Amino acid sequence: MEAGTEDRSQQATGVEDLPGSGEEPGAQGMTLFGRYLTLWVALCMGVGVALGQWVPAVPATLSWFTYAQVNVPVAILIWLMIYPMMVQVDFTSILGVRRRPKGITITLVTNWLIKPFTMFFFAWLFLQVIFAPFIEAGLAREYVAGAILLGAAPCTAMVFVWSYLTRGDPAYTLVQVAINDVIMLFAFAPIVLLLLGLGDIVVPYDTVILSVVLYIVIPLVAGALSRWWLIRTRGEKWFQEVFVRRLGPGTMVGLLLTLVLLFSFQGEVILANPFHIALIAVPLIIQTFFVFGVAYGWARAWKVNHEVAAPAALIGASNFFELAVAAAIVLFGLNSGAALATVVGVLVEVPIMLLLVRFANATRSRFPVETAGPPTGGSRPASATP
């Protein structure tokens, strides 16, 4: 691969400034965000909690704009995060995914045959056995229920950010997420039923469907139309080297503002339960590392390309926390232990996922480079590996 092509690939994804990416920080773009992203995330969490406590009118007003348990302002910010990924998808290249079935296999097996059950196991082991002296039995069961809701809902929106940060193949990531969403419409309720052992459960299907529309359909259509129009009017070179590069800061700004809003909504719950939050976080963190290790190690053993392997592992490691929080509120109530557990899922997920992104970027060289066949993602060469 020519050096100029590789440079443009890095510019398009904005990862040359990410910690652990293996690249020297550039002088432009997202250097400040990329080098200290974990710090900005922690600060935004603190700002969100403080905003909810000191200026409660802000989250109270924003909470009015909610439909089917989906907060529209948060959805718009998530759209801002994932649009840069969607605009890079070349629909003509999506068909190439069928020639690379290993990544899809890893995603589906990890998310539906491994993840929900390991989440249940770790949550039960820690919250109802190891931490039993510190948590009342009924409350521990509610915490486990919240963990189950997280484990049964694979990531839909944020995974586009993680894929973007690891230079994942945008078209392949889209297919992985889309297939998961279709399965989730039918499998979420039975898995939750099985693991909770409940005889009656109301699953908010309108939340699932609306989330898919908001987080996939709308940004995908917007990305496809804008991509087509910009390439037609300004040319492929301008689109790749100017437009896509300028989108990089938008992803990080969207991520940070989303965290501010999420934690402004949940700040009171977090502050009221500091010790239990620490206990709940333990199995969730272990689960995240475990599932990532299974999927990432499997991908390496199967010699899957890194731009497919990294998103496949990150999808399994992260959760569709919007759905999990909404389902916990619907099923158990806003002030329930289950709702608190799902909020803790949001609290620990972003810092841990950033750490895994850094690890994935640092281990890129251990994965093979695709040398044959057309690229799957139309925005850049199939291999972004140096």
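The values are calculated or read from the model by the stated rules, or taken from the named source; none is laboratory data. Since the model is a prediction, treat every value here as computed from it, not as a measurement. Here Cβ is always computed from backbone atoms with ideal geometry, including for glycine, and neighbour counts include all displayed protein chains.
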Which residues, counting only those in the stretch 331-366, are in a loop (DSSP other than H, G, I, E, B) and more than 23 Å from R167 (Cα to Cα)? G333, L334, N335, S336
Would you mention how many residues in the stretch 228-275 are within 17 Å of the chain's Cα centre (by Cα), among the hydroxyl-bearing types (S, T, Y) and within 30 Å of E136 (Cβ to Cβ)? 0
State whether the residues of the stretch 139-146 include one that is within 17 Å of the chain's Cα centre (by Cα), within 22 Å of F290 (Cα to Cα) and crowded, with 24+ Cβ neighbours inside 10 Å. no
Please name all residue pairs, on different chains or six or more residues apart, with Cβ atoms under 7 Å, provided the first residue is in the stretch 343-370 and is under 18 Å from L259 (Cβ atoms) and at pLDDT 90 or above and the second residue is polar (S, T, N, Q) and assigned to a helix (DSSP H, G or I). I352/T288
Evaluate the stretch 120-128: report whether one residue or more is modelled with pLDDT under 90 and either under 21 Å from D181 (Cα atoms) or not hydrophobic (A, V, I, L, M, F, W, C) (or both). no
In the list A278, A272, A313, which residue meets the criterion of being small (G, A, S) and surrounded by 24 or more Cβ atoms within 10 Å (Cβ to Cβ)? A313
Can you confirm whether the stretch 121-128 contains a residue that is touching a Phe, Trp or Tyr at 6+ places or on another chain (Cβ under 6 Å) and farther than 23 Å from Y296 by Cα? yes
Can you work out which of the residues in the stretch 230-244 that are buried (at least 16 other Cβ atoms within 10 Å of the Cβ) and among the β-branched types (V, I, T) is modelled with the highest pLDDT? I231
